[in-house]
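Taking it in order: structure first as structure tokens, then the write-up.
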Amino acid sequence: TQKERGLTSGFITSQGVKFKARLENQRELTNQKNDELNKFLNTISLKEISLTSYDVLKKALTELSNLEKNRLKINNLTISSHEAIRFYSDINEQLLNMIVTTVKISNNPSVTDDIIAFSNFLLSKEKAGIERAIGTSTFAKKKFAKGMKGKLSNLISSQDLYTNNFLLYANDDNKIFYKTIMNNSVIEEVNKMRSVLLD
């Protein structure tokens, strides 16, 4: 849903001219992951998870049940890019909150640290996904929509905060893996694109 959100933003902003094939492919991947989630949920008793986790999960599944209805609006260009981003972001927020709430039922300090690290990593990734959606829209329009430049700056700051928290709680192997992945020319390219947008 994170990738689908970014492609949707570009599709709507370009009035359906760009990203159509990539969006269709990503929707298929989203559907596959949604099917996997539902199959997994059928193998467990939801009554055995915490009440908080159950409530958050129900909200997430309700949001996911509106996916096809919103995709139709996107196909027909009867929803704004901002509304579409908000829809996908709400789904992602609920799914991420589900992971965050599991820390409450952990009674193992090492597992708790892993959950906190993982949650912060995923929250940073979510902010990066929203940044991608705004960036795609901005590059397609060749200008920022109202209020989006400030939002982009806030997203970058949030990513830095969540990444710092991830590194505080992550075990040594995960820190090494993260630093290896981040030492990449793609990261340099993203930073250049950020500079172009912010300047």
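The values are calculated or read from the model by the stated rules, or taken from the named source; none is laboratory data. In this text, all values refer to a predicted model and were calculated from it rather than measured experimentally. Quick reminder, even Gly has a Cβ in these numbers, built from the backbone with ideal geometry, and neighbours come from all protein chains shown. Only protein heavy atoms, including side chains, enter the accessible area calculation; ligands, DNA and RNA are left aside. Shrake-Rupley method; radii C 1.70, N 1.55, O 1.52, S 1.80 Å.
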Going through the stretch 13-32 one residue at a time, which ones are open to solvent by 100 Å² or more (accessible area, probe 1.4 Å) and touching a residue at least 12 places away in the same chain (Cβ under 8 Å)?
-> Q15, K18, R22
Of the conditions (1) without any contact (Cβ under 8 Å) to a residue 60 or more places away in the chain; (2) part of a loop (DSSP other than H, G, I, E, B); (3) of a type in the set (A, V, I, L, M, F, W, C), I79 clears all except one; give me its number.
-> (1)
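Can you tell me which of K18, K39, K33 is of a type outside the set (D, E) and outside any helix (DSSP H, G or I)?
Values: K39 fails: outside any helix (DSSP H, G or I); K33 fails: outside any helix (DSSP H, G or I).
Unique residue meeting the criteria: K18.
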Only one of (1) in contact with a helix residue (DSSP H, G or I) (Cβ under 9 Å, 6 or more places away or on another chain); (2) under 30 Å from A140 (Cα atoms); (3) surrounded by fewer than 17 Cβ atoms within 10 Å (Cβ to Cβ) does not apply to N38, and that is (2)
Out of (1) of a type in the set (D, E, K, R); (2) open to solvent by 50 Å² or more (accessible area, probe 1.4 Å); (3) without any contact (Cβ under 8 Å) to a residue 60 or more places away in the chain, what's the single condition that is false for D90?
-> (2)
Taking helices (runs of 4 or more DSSP H) that fall entirely within the stretch 136-199, which contain at least 3 residues that are of a type in the set (S, T, N, Q) and farther than 22 Å from S9 by Cα?
-> 148-169
Would you pick out the residues in the stretch 104-149 that are surrounded by fewer than 18 Cβ atoms within 10 Å (Cβ to Cβ) and modelled with pLDDT under 85?
-> K104, I105, S106, K141, A145
If you scan the stretch 75-87, which residues turn out to be within 22 Å of K125 (Cβ to Cβ), crowded, with 18+ Cβ neighbours inside 10 Å and modelled with pLDDT of 90 or more?
-> A84, I85, F87
Within the stretch 47-74, how many residues turn out to be surrounded by 12 or more Cβ atoms within 10 Å (Cβ to Cβ), over 21 Å from the mean Cα position of the chain (by Cα) and within 22 Å of D35 (Cα to Cα)?
-> 1
Total residues in the stretch 150-159, condition surrounded by 12 or more Cβ atoms within 10 Å (Cβ to Cβ) and free of Cβ contacts under 8 Å to residues at least 12 places away in the same chain | 1
